[in-house]
């Protein structure tokens, strides 16, 4: 992924992988998935990763919430250009 790709493009394969982890019979903590995704997000979003970890309760964060945070951040950045 290069710096010109959007977070939505990044989250498409991530969401597919999360769905595989959530297959019937498999119990995976949402917080574990959130932390794994945060570790894999491109460095272009590094400032947002740091602030998200400081502000949010990582143990109770859901994937939908994480996706929303990064989408909002991206929209805000695009409006500032």
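Every number here is computed from the coordinates shown, using simple stated rules; none is lab data. A quick note: this is a predicted structure, and the numbers were derived from the prediction, not measured. Here the Cβ is made from the backbone with ideal geometry for all residues, glycine too, and neighbour counts use every protein chain on show.
Look at the stretch 46-72: where a residue is without any contact (Cβ under 8 Å) to a residue 60 or more places away in the chain and a partner is surrounded by 12 or more Cβ atoms within 10 Å (Cβ to Cβ) and in a loop (DSSP other than H, G, I, E, B), sitting 6+ places away or on another chain with Cβ atoms under 7 Å, you get 49/41.
Only one of the numbered conditions (1) surrounded by 11 or more Cβ atoms within 10 Å (Cβ to Cβ); (2) assigned to a helix (DSSP H, G or I) is not met by residue 28, and that is (2).
Going by the structure shown, is residue 47 within 19 Å of residue 76 (Cα to Cα) and either surrounded by fewer than 10 Cβ atoms within 10 Å (Cβ to Cβ) or touching a helix residue (DSSP H, G or I) at 6+ places or on another chain (Cβ under 7 Å) (or both)? It is false that residue 47 is within 19 Å of residue 76 (Cα to Cα) and either surrounded by fewer than 10 Cβ atoms within 10 Å (Cβ to Cβ) or touching a helix residue (DSSP H, G or I) at 6+ places or on another chain (Cβ under 7 Å) (or both).
Hey, can you tell me all the residues within the stretch 15-35 that are within 15 Å of residue 70 (Cα to Cα) and either free of Cβ contacts under 8 Å to residues at least 24 places away in the same chain or more than 13 Å from the chain's Cα centre (by Cα) (or both)?
Start the filter on the stretch 15-35 by keeping residues that are within 15 Å of residue 70 (Cα to Cα), which leaves 15, 34-35.
Within the stretch 15-35, 35 is the sole residue that qualifies.
Is one or more of the residues making up the stretch 2-14 surrounded by 14 or more Cβ atoms within 10 Å (Cβ to Cβ), within 10 Å of the chain's Cα centre (by Cα) and not in a helix (DSSP H, G or I)? Scanning the stretch 2-14 turns up no residue that is surrounded by 14 or more Cβ atoms within 10 Å (Cβ to Cβ), within 10 Å of the chain's Cα centre (by Cα) and not in a helix (DSSP H, G or I). Within the stretch 46-63, does at least one residue satisfy the condition of being closer than 15 Å to residue 9 by Cα and in a helix (DSSP H, G or I)? So far as the stretch 46-63 goes, no, none of its residues is closer than 15 Å to residue 9 by Cα and in a helix (DSSP H, G or I).
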